[in-house]
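The numbers here are math on the coordinates, done by the rules we state, and not lab data. These numbers were taken from a predicted model, which means no experiment stands behind them. Quick reminder, even Gly has a Cβ in these numbers, built from the backbone with ideal geometry, and neighbours come from all protein chains shown.
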Amino acid sequence: MEAVNANNLQCCHCNEVAVLTTAWTPKNPGRRFFGCRFYGKPGACRFFRWYDEEIPERSKEVINGLLRRLNKLEREKEAMESKKNPGTVVGKLL
Ligand SMILES: [Zn+2]
């Protein structure tokens, strides 16, 4: 068995090992946190603890800027694909 670093192992209020998740909010893009593994399900606790240090303002701006560009490109790509294949769009509507 490998030694487990106690600092990296978090337990939530259900006494379960918390899961490491990545936040994608504009305030914390790409910042990881521990949360209850039952999050979103009935009976889940409200356990929450950041894993990563706070992201510097400049990095947030850069990451959010890149995400906006990526979203824009994906929308443009979808628009182009639906123009190329009007049949698939009609097929989805039927
Ligand atoms: Zn829990």
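Summary of computed values
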quantity: Surrounding net charge for GLY65, when Lys and Arg each add one and Asp and Glu each subtract one, Cβ distance under 14 Å; calculated: +3
quantity: Reach of LYS60 by Cα under 25 Å, taken over lysines that are not fewer than 8 positions away in the same chain; calculated: LYS27, LYS72
quantity: Amide proton proximity set for ASN28, modelled H, under 5 Å, gap of 5+; calculated: none
quantity: Residue-wise HN-Hα coupling along segment 34-45, computed from phi with Karplus coefficients 6.51, -1.76, 1.60 (Hz; x: Gly, Pro); calculated: 8, x, 5, 5, 9, 3, x, 9, x, x, 5, 8
quantity: Relative contact order %, segment 6-84, counting alpha carbon pairs below 8 Å whose residues are six or more apart; calculated: 22 percent
